[in-house]
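The values are calculated or read from the model by the stated rules, or taken from the named source; none is laboratory data. Predicted model, so just to flag it, every value in this text is computed and none were measured. Note that each Cβ is placed from the backbone with ideal geometry, even for glycine, and that neighbours are counted across all protein chains shown.
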Amino acid sequence: MAQHNKLGKEGEQAACEFLIAKGLTIRETNWRMAPWEIDIVAEEQGLLHIVEVKTRATASPHFDPMESITPGKIRNLVRAANGYITLHQLPLAVQYDVMIIIGQAPDFDIHYFANAFEPPLRTIR
């Protein structure tokens, strides 16, 4: 496994452990509905959390990992979440979270942004 893939898996594992410690239940990890993927699907008291995880080995003053949460990424996460909710027929409210994981296992620096963005509104014409 490539080093960046290994780091990503370790970061997602740390993210799951963090969410569990906060009282969330992990429903799925790396859930796919081609071509979209959700890193973590978690649930807490009737609220479905769609969690995007970004893991970096080091912090860079020239790059903010939140910049990787582009409008296209947001659209894809919303599409995947809609597919997940439809497939499982879930009557739950949805929250989109982002976790930035920096460092090396087991000493990660975890930044959790609950309700990091709202899905874009669409108009019908």
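Some observations on this one:
- In the set (1) at pLDDT below 95; (2) farther than 23 Å from residue 74 by Cα; (3) not aromatic (Phe, Trp, Tyr), residue 34 fails one condition alone, (2).
- Considered as a group, the residues in the range 1-26 that are under 15 Å from residue 108 (Cβ atoms) and of a type in the set (Gly, Ala, Ser) include one that is nearest to the chain's Cα centre (by Cα), and that residue is 15.
- Residue count for the range 64-110, restricted to those that are in contact with a helix residue (DSSP H, G or I) (Cβ under 8 Å, 6 or more places away or on another chain) and over 19 Å from residue 26 (Cβ atoms): 2
- Condition met for residue 52 (modelled with pLDDT of 90 or more, of a type in the set (D, E, K, R) and touching an Asp or Glu at 6+ places or on another chain (Cβ under 6 Å)): yes
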